[in-house]
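J.: If you scroll down you'll find the structure; I have some questions about it.
The values are calculated or read from the model by the stated rules, or taken from the named source; none is laboratory data. Everything numeric in this text was worked out from a predicted model, so none of it was measured. As a convention, Cβ positions derive from the backbone with ideal geometry for all residues, glycine included, and neighbour counts pool all protein chains shown.
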Amino acid sequence: MPFLPTFDDADDQFSLEGESSTVKNTQTPDQRVRVAVRALRQMQQQLENVLDMLERGEDIGDPGMFTTDSSMSMGEGEDRIVEGVFDGERMMGTDGVKYNVPPNYASKSKLVEGDIMKLVIKEDGSFIYKQIGPVERDRVLGKIAIDDFGNFAIKTEGGENYRVLTASVTYFKGEPGDEAIGLIPKGQTAKWAAVENVIST
């Protein structure tokens with residue numbers, strides 16, 4: 001599916017924090033695993049509930065199915081906080097939900113796969129994202145490439161392809177064929193890279 005084009009800060013409806021690209025207080029692999037396990041357990045529980053209702057022949061539209069426990073509810077005047085892991089495009093929350101991360105925020109913050117994030121959902125419905133546990137980074141050097149669907153990637157001399165957000169390319173005014181430096185999680189397999197810089201030809 002093609003990426004949506006980037007949008008100007010003036011039109012951004014999200015309140016954003018922590019746009020610094022400086023890597024500090026890197027999250028350990030064990031901490032990232034714990035966040036991922038919590039998300040998977042939440043998803044498992046939700047799937048088991050649906051299967052149980054189907055096996056009993058109950059109506060999935062039953063309002064009772066949509067009740068939430070106290071850890072998931074948001075009382076009047078309270079903010080809801082969700083932690084999760086950035087997957088290159090979205091944040092996989094510990095509640096099993098994938099939250100869309102604004103492309104301009106991900107691009108300016110140079111978010112990398114595996115970064116731990118916190119999302120604050122305000123009472124008025126606004127979202128505030130914050131990077132709370134950046135992973136260690138490696139740099140890759142390659143050229144910007146584009147496929148038939150308008151998706152961008154960094155293609156290295158070694159033949160690796162790392163997808164990048166369209167917003168990252170447009171932010172640096174990059175074009176296909178330009179040299180680009182990407183950031184990927186250190187020592188891990190990655191499908192996505194964050195664009196650190198573009199060298200126009």
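J.: What residue, of I128, I132, I184, I81, is crowded, with 17+ Cβ neighbours inside 10 Å and touching a residue at least 40 places away in the same chain (Cβ under 8 Å)?
T.: Testing whether each residue is crowded, with 17+ Cβ neighbours inside 10 Å and touching a residue at least 40 places away in the same chain (Cβ under 8 Å) leaves just I184.
J.: Another question, if that's okay. Search the range 95-108 for residues that are outside the structural domain of A153 (by TED's automatic domain parsing) and outside any helix (DSSP H, G or I) and pair each with any residue that is surrounded by fewer than 22 Cβ atoms within 10 Å (Cβ to Cβ) and polar (S, T, N, Q) when their beta-carbon atoms are under 7 Å apart and the residues are at least 6 apart or on different chains.
T.: Listed pairs, sorted by first residue: D95/Q42; G96/Q42; G96/Q46.
J.: What are the residue pairs meeting all of these: first residue in the range 146-162, first residue at positive phi, second residue at pLDDT 95 or above, Cβ atoms under 8 Å, and 6 or more apart or on different chains?
T.: Between residues of the range 146-162 that are at positive phi and residues that are at pLDDT 95 or above, the close pairs are G150/T166.
J.: Also, quick follow-up: So which residues in the range 113-125 are on the phi < 0 side of the Ramachandran plot and either surrounded by fewer than 15 Cβ atoms within 10 Å (Cβ to Cβ) or without any contact (Cβ under 8 Å) to a residue 12 or more places away in the chain (or both), if there are any at all?
T.: K122, E123, D124 - these are the residues of the range 113-125 that are on the phi < 0 side of the Ramachandran plot and either surrounded by fewer than 15 Cβ atoms within 10 Å (Cβ to Cβ) or without any contact (Cβ under 8 Å) to a residue 12 or more places away in the chain (or both).
J.: Going by the structure shown, is V169 assigned by TED's automatic domain parsing to the domain that holds G88, buried (at least 17 other Cβ atoms within 10 Å of the Cβ), at pLDDT 95 or above and not aromatic (F, W, Y)?
T.: Against the criterion (assigned by TED's automatic domain parsing to the domain that holds G88, buried (at least 17 other Cβ atoms within 10 Å of the Cβ), at pLDDT 95 or above and not aromatic (F, W, Y)), V169 does not qualify.
J.: If you scan the range 142-167, which residues turn out to be in contact with a strand residue (DSSP E or B) (Cβ under 6 Å, 6 or more places away or on another chain) and hydrophobic (A, V, I, L, M, F, W, C)?
T.: Result: I144, A145, I146, F152, A153, I154, V164.
J.: Moving to a separate point now. Filter the range 138-194 for residues that are assigned to a strand (DSSP E or B) and of a type in the set (K, R); which is farthest from G114 (Cα to Cα)?
T.: Here the residue is K143.
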